[in-house]
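The values are calculated or read from the model by the stated rules, or taken from the named source; none is laboratory data. Nothing here was measured: the structure is a model prediction, and the numbers come from that model. Cβ coordinates were reconstructed from backbone atoms using ideal geometry, including for glycine residues, and neighbour counts include every protein chain displayed.
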Amino acid sequence: MANDQDRFELNTHSDFHNERGISLADRGWFDEALVEFQKAIDVDPRCAEAFDNIANVYAEKGMHLDALRSYLKAIDLEPENATGHHNLGCFIATRGDELAVLEYRTAAKHEWDFPDVHLNLGLSLIEQGQAIEAIEEFNVALKLDPSDTDARHELACALLEIGRYREAIHEFRLVIKQDPSNQSGFVNLGVCYAIKGFYEESEHAYMRALELDDSDVTVNYHYAALKALQGAKAESLDLLRRALRIDRGKVIRWLENDRYFDSVRKLVAFKKFFEETYI
């Protein structure tokens, strides 16, 4: 009976501090809220709610590693608490890339000449939309290991993304020179050439990609786009039909607003084909 009474008093006291902390956090007074949540833990070290609340505040303050530790502590204390698992899931979904960037940067501080750190840091920066910063990291990775085809391919893709096509072409050419079986390298090289108006070079790249795997939806679709730009409607439609057989849903989504097909959209054959894709 005494133990039940003690537990009731602990819960009452910790609840008081938790509620005060939540009220303070709602007003944006995060440091003051942390003090209250810590008081709740001091009163009851097994108060999972307090650890969960602290984690939420740490996440708001950008203290991602501390937030992760606190979320995990809350789950460790109450493994069956759905709220704890939900909050951890939300944190990983929304702040995972930020946490990854933080840890990769920390790793780089401790060991700068670690190529994989810079490659993976670049990939995380791409996910955050920071292409320029990612390019810097890919270049560091390549300086440390010039034979790293993955780093070079990611560098080329980042250059393509921000419209630096000539540089991207140079890097993709190096990729396929280092790895002649890299189909994605040929496809992306073809895209760059097409954008720059080098249609013959683009077609050669797509044909090489098809030789490596003619069941790839991406190369069939982009090759169709090239043929559309050239006004070769029959060949364009044949390639589109092949792409549709491979992945219908994806191709229809791509087709809806793809400007590369503008030159043949008004043709009767294309209009009929486009209507048929929705039947």
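Annotations for the structure displayed:
- Test for residue 124: is it over 16 Å from residue 58 (Cα atoms), among the small types (Gly, Ala, Ser) and surrounded by 20 or more Cβ atoms within 10 Å (Cβ to Cβ): yes
- Residue count, the range 54-105 (criterion: among the hydroxyl-bearing types (Ser, Thr, Tyr) and closer than 21 Å to residue 44 by Cβ): 4
- Among the residues of the range 45-61, those that are surrounded by fewer than 21 Cβ atoms within 10 Å (Cβ to Cβ), over 26 Å from the mean Cα position of the chain (by Cα) and not in a helix (DSSP H, G or I) comprise 45, 46.
- When each of 194, 134, 141, 158 is tested for being buried (at least 22 other Cβ atoms within 10 Å of the Cβ), in contact with a helix residue (DSSP H, G or I) (Cβ under 8 Å, 6 or more places away or on another chain), farther than 30 Å from residue 93 by Cα and of a type outside the set (Lys, Arg), the lone residue that passes is 194.
- Selection of first residues in the range 188-215 that are within 10 Å of residue 226 (Cα to Cα) and free of Cβ contacts under 8 Å to residues at least 60 places away in the same chain and of second residues that are surrounded by fewer than 22 Cβ atoms within 10 Å (Cβ to Cβ) and hydroxyl-bearing (Ser, Thr, Tyr), restricted to Cβ pairs under 7 Å at least 6 apart or on distinct chains, gives the following pairs, ordered by first then second residue: 195/165.
- Any hit, the range 78-91, residues being hydroxyl-bearing (Ser, Thr, Tyr) and within 20 Å of residue 19 (Cβ to Cβ): yes
- When 64, 118 are screened for being modelled with pLDDT of 95 or more and closer than 30 Å to residue 138 by Cβ, only 118 passes.
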